[in-house]
Amino acid sequence: MESGVYVISLSRDPDSNNGLHKQAPLSDSIISEWISQANSETERLVYGTKPNQQLATDKIIRTLLEQFWLPNENILYIGASKRGIMCRICDFYKHTLGNNGPHRGGQWVLTIDQPLYIHWAIDQDPMGSEKRALEEFSRQANRPPEYSGKLLPFGILQGNKHKTGLRRQ
């Protein structure tokens, strides 16, 4: 098994910035299913901090995801794997939104209702290459005027821009 890096994109062509959408092309049915699954008898998907905490709704989730959308970028996620790039890509497609595994990173991409394209490469230093790719994305991305921090692709869940306020309780 070979290590590598991969990019999930809205563009079939990795060398062009095609597949752009002014609004996040979110799937209402996938978001509803996520909320239904998360709101079981034993836990709830909540948004906000106490005392202003509220049960997550379709509208809250949609609004939250839309605030992280970058309308002038087609790259939705950048990832890496030391254990086998094809296994990691398979994990992404097997992942159920809201679960901790097998591919929690990038799971917001599963809410997109458009064809996705995965571009990948074998790499001996996948973690270093992923870091460099994220830095390059932040440097070159079409930055919204109101944002000055490190810019990350839509599906990246860590970083200052992606503090969501969502959690299971």
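List of remarks:
- Considering residues of segment 65-79 that are outside any helix (DSSP H, G or I), over 13 Å from residue 116 (Cβ atoms) and among the aliphatic types (A, V, I, L, M) only, the residue modelled with the lowest pLDDT: 70
- Of everything listed in (1) under 15 Å from the mean Cα position of the chain (by Cα); (2) over 16 Å from residue 9 (Cα atoms), the single unmet condition for residue 113 is (2).
- Residue within segment 125-139 that is assigned to a helix (DSSP H, G or I), among the aromatic types (Phe, Trp, Tyr) and either out of contact with any strand residue (DSSP E or B) (no Cβ under 8 Å at 6 or more places or on another chain) or in contact (Cβ under 8 Å) with a residue 60 or more places away in the chain (or both) present: yes
- Some residue of segment 88-103 being in a helix (DSSP H, G or I), among the hydrophobic types (A, V, I, L, M, F, W, C) and buried (at least 17 other Cβ atoms within 10 Å of the Cβ): yes
- Whichever residue in segment 9-38 is assigned to a loop (DSSP other than H, G, I, E, B) and exposed (fewer than 12 other Cβ atoms within 10 Å of the Cβ) and, among such residues, is nearest to the chain's Cα centre (by Cα): 23
The values are calculated or read from the model by the stated rules, or taken from the named source; none is laboratory data. Since the structure is predicted, the reported quantities are computational estimates derived from the model, not experimental observations. A quick note on method: Cβ atoms are made from the backbone with ideal geometry, for glycine too, and the neighbour counts reach across all protein chains shown.
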